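Right, one structure below, let's go through it.
The values are calculated or read from the model by the stated rules, or taken from the named source; none is laboratory data. Here the structure is a predicted model, which is why all the values come from computation and not from measurement. Cβ placement follows ideal geometry from the backbone for every residue including glycine, while neighbour counts extend to all protein chains displayed. With ligands, DNA and RNA removed, areas are computed over all heavy atoms of the protein, side chains included. Shrake-Rupley method; radii C 1.70, N 1.55, O 1.52, S 1.80 Å.
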Amino acid sequence: MAYASRIINHSKKLRNAPNFLWHDHAILTRCFSKYARPSFGKRDDIWRICRHCYAPSERETVSRSATNGTITVFDIQKRNISSTTMQARNPIAGLAFNQRFSCSQVYMRRSFSSDSGLPSHQEIGMPSLSPTMTEGNIARWLKKEGDKVSPGEVLCEVETDKATVEMECMEEGYLAKIIHGDGSKEIKVGEVIAITVEDEENIAKFKEYKPSASDAAAAAESSPPAPPKKEVAEQPVTEQKTSKPTAAPPTKDRIFSSPLARKLAEEHNVPLSSIKGTGPDGHIVKADIEDYLASHGKEALATAPMAKAATPAALDYTDIPHSQIRKVTASRLLFSKQTIPHYYLTVDTCVDKLLDLRSQLNQLQEESGGKRISVNDLVIKAVALALRKVPQCNSSWTDEYIRQHHNININVAVQTDNGLFVPVIRDADKKGLSRIAEEVKQLAQKAKENSLKPDDYEGGTFTVSNLGGPFGIKQFCAIINPPQSGILAIGSAEKRAVPGSGPEQFNFASFMSVTMSCDHRVIDGAVGAEWLKAFKGYIENPKSMLL
């Protein structure tokens with residue numbers, strides 16, 4: 001009977017469950033499908049989240065279905081449901097950026113009407129547009145407060161750690177508030193930069209809006225955590241009684257003198273040990289110093305008093321603020337030098353045949369209206385073919401394994417007024433010289449205009465840096481671009497005298513010095529030498545690259 005009574009009591013509670021679930025102060029249930037199709041009406045305040053997870057608060061319980069990707073959130077609280085907020089910590093695939101930035105992470109949050117009188121709105125956070133981006137700058141806003149925005153329209157230009165990217169709108173609405181205006185610097189990823197609303201009459205309600213402290217905390221959570229500081233245990237301070245120091249007994253070596261006498265002696269470089277004091281208890285007084293100077297006038301004049309060192313003039317300088325690209329370049333190169341065991345291999349290659357082939361190809365290019373081929377284009381092709389022949393050099397180091405890449409993507413270092421960029425030529429081993437020349441020129445122009453997209457510089461497996469042609473540098477050693485394991489530094493070509501076939505016969509040839517920087521964890525010395533041998537073979541016999 002006891003069990004029967006319990007079942008009856010529970011059944012009564014279950015009959016009241018619908019009233020409990022629909023009570024204004026009870027439960028919020030939201031459902032999202034993995035195809036971004038909400039199960040509610042069009043005007044409902046529901047996010048369209050595609051293949052991403054909703055991060056619940058501490059008071060929420062999440063029920064997931066492995067078959068259809070449905071997420072149901074139960075938020076049980078005693079206060080009004082209107083104060084509930086929802087925040088996604090993962091990227092929203094629906095927010096598109098120029099050139100389809102699939103790697104970008106966008107931090108957005110839907111907020112419902114609250115007790116403060118703010119209507120339903122959406123907070124737009126600083127997006128993460130590259131794997132290394134932790135903060136960004138707002139270059140300029142293309143929309144003003146109060147403007148209507150539609151999906152696909154550009155809201156603003158964001159200066160990332162590598163390029164300036166156009167940020168597009170995801171949903172239709174009105175730009176109610178711009179939190180960070182033109183030129184805002186060092187905005188953390190995830191920090192709120194703007195507010196949008198659905199109804200135009202709600203714009204004025206956000207005139208004095210400021211992000212809450214929880215928003216700043218959310219941005220801090222999204223950024224990489226700082227290394228923990230070592231805690232130093234505080235030692236208890238104990239009071240120690242110390243006795244007053246007693247005067248030391250006079251010794252025979254000590255010289256007593258008046259302060260005025262000491263000053264006068266120092267000014268005229270007079271040793272006190274050579275003067276006999278006439279003051280009380282043998283103290284040296286001012287008169288003793290004057291008598292000494294009178295009797296030793298010539299010596300005193302010979303040893304002129306030491307002039308005080310003149311204070312050097314203050315240096316004139318200008319402090320130049322770090323740009324985002326400069327910060328990232330500094331951190332990545334420092335990381336590379338500190339963690340990658342570099343070693344260097346240098347070889348001289350004869351480029352006479354290469355220069356002759358280039359002249360012939362450029363004649364054909366001019367006749368067909370194509371782009372001229374540079375020595376650097378031929379070098380890129382030779383590097384790609386050598387990587388195909390020695391694939392061990394087309395690899396990256398990880399803690400668990402060495403990843404050998406099947407695609408040969410060559411990064412090319414380009415120096416601009418904004419900093420150093422490394423756009424990538426994808427599948428360079430499969431492309432012709434004309435195609436490589438065209439892509440290099442296009443990417444170099446985009447780098448100078450600071451308009452490179454993430455697809456233009458990510459995914460490289462090897463890097464080429466050329467300071468010979470543009471600057472005439474004979475030879476240098478480059479720093480590896482992580483996570484790659486090699487970089488080739490190209491020097492300038494110069495005429496040299498080489499021995500001829502007969503005695504006392506000399507010929508002249510053009511030689512170019514190249515230096516390969518290798519990661520010794522991935523590329524052994526013999527493997528690096530084998531790769532340089534293959535590269536040299538393509539440079540000295542360039543027609544083999546056309547086969």
Exercise for review: Select from segment 391-404 the residues that are open to solvent by 50 Å² or more (accessible area, probe 1.4 Å) and not acidic (Asp, Glu) and write down the one among them that is nearest to Arg521 (Cα to Cα).
Suggested key: Trp397
**Study point:** Qualifying positions in segment 525-547 - among the aliphatic types (A, V, I, L, M) and either open to solvent by 80 Å² or more (accessible area, probe 1.4 Å) or touching a strand residue (DSSP E or B) at 6+ places or on another chain (Cβ under 7 Å) (or both)
**Key:** Ala529, Leu532, Ile539, Leu546, Leu547
Check your understanding: Taking segment 479-516 on its own, how many of its residues are touching a residue at least 40 places away in the same chain (Cβ under 8 Å) and out of contact with any Phe, Trp or Tyr (no Cβ under 8 Å at 6 or more places or on another chain)?
Key -> 9
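Quick test for you: out of Met516, Met512, pick the one residue that is touching a strand residue (DSSP E or B) at 6+ places or on another chain (Cβ under 6 Å), closer than 24 Å to Ser336 by Cα and modelled with pLDDT of 95 or more. Break it down stepwise before answering.
Numbers: Met512 fails: closer than 24 Å to Ser336 by Cα.
Going through Met516, Met512 in turn, the sole match is Met516.
Could you check segment 341-370 and list, in sequence order, the residues that are assigned to a loop (DSSP other than H, G, I, E, B) and crowded, with 19+ Cβ neighbours inside 10 Å?
Val351
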Revision key, fill the gap. Restricting attention to segment 424-446, the residues that are farther than 17 Å from Ala382 by Cα and touching a strand residue (DSSP E or B) at 6+ places or on another chain (Cβ under 6 Å) number exactly 1
Check your understanding: Pick from segment 199-216 the residues that are assigned to a loop (DSSP other than H, G, I, E, B) and surrounded by fewer than 16 Cβ atoms within 10 Å (Cβ to Cβ): which of them is modelled with the lowest pLDDT?
Key -> Ser212
Check your understanding: Going through segment 493-542 one residue at a time, which ones are more than 24 Å from Gln392 (Cβ to Cβ) and among the hydrophobic types (A, V, I, L, M, F, W, C)?
Key -> Ala493, Ala497, Val498, Phe506, Phe508, Ala509, Phe511, Met512
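Report, by residue number, each residue of segment 408-431 that is more than 25 Å from Ile325 (Cβ to Cβ) and open to solvent by less than 80 Å² (accessible area, probe 1.4 Å). Write out each step before concluding.
Within segment 408-431, the first condition is being more than 25 Å from Ile325 (Cβ to Cβ), and the residues that meet it are 408, 427, 429-431.
Of everything in segment 408-431, those that are more than 25 Å from Ile325 (Cβ to Cβ) and open to solvent by less than 80 Å² (accessible area, probe 1.4 Å) turn out to be Ile408, Asp427, Asp429, Lys431.
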Practice item. May I ask you to list the residues in segment 310-330 that are out of contact with any strand residue (DSSP E or B) (no Cβ under 7 Å at 6 or more places or on another chain), among the hydrophobic types (A, V, I, L, M, F, W, C) and within 24 Å of Gly136 (Cα to Cα)? Key: Ile320, Val328, Ala330
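Within segment 472-509, track down each residue that is open to solvent by 40 Å² or more (accessible area, probe 1.4 Å), of a type outside the set (A, V, I, L, M, F, W, C) and farther than 19 Å from Leu345 by Cβ.
Going through segment 472-509, the residues open to solvent by 40 Å² or more (accessible area, probe 1.4 Å) turn out to be 472-475, 477, 479, 483, 493-497, 499, 501, 503-508.
In the following step, the residues that additionally are of a type outside the set (A, V, I, L, M, F, W, C) were identified as 472, 474-475, 483, 494-496, 499, 501, 503-505, 507.
Across segment 472-509, the qualifying residues are Gly472, Pro483, Glu494, Lys495, Arg496, Pro499, Ser501, Pro503, Glu504, Gln505, Asn507.
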Review point. How about segment 115-161: which of its residues are open to solvent by 40 Å² or more (accessible area, probe 1.4 Å) and farther than 25 Å from Glu208 by Cβ?
Key: Pro131, Thr132, Thr134, Ala139, Pro151, Gly152, Glu153, Glu159
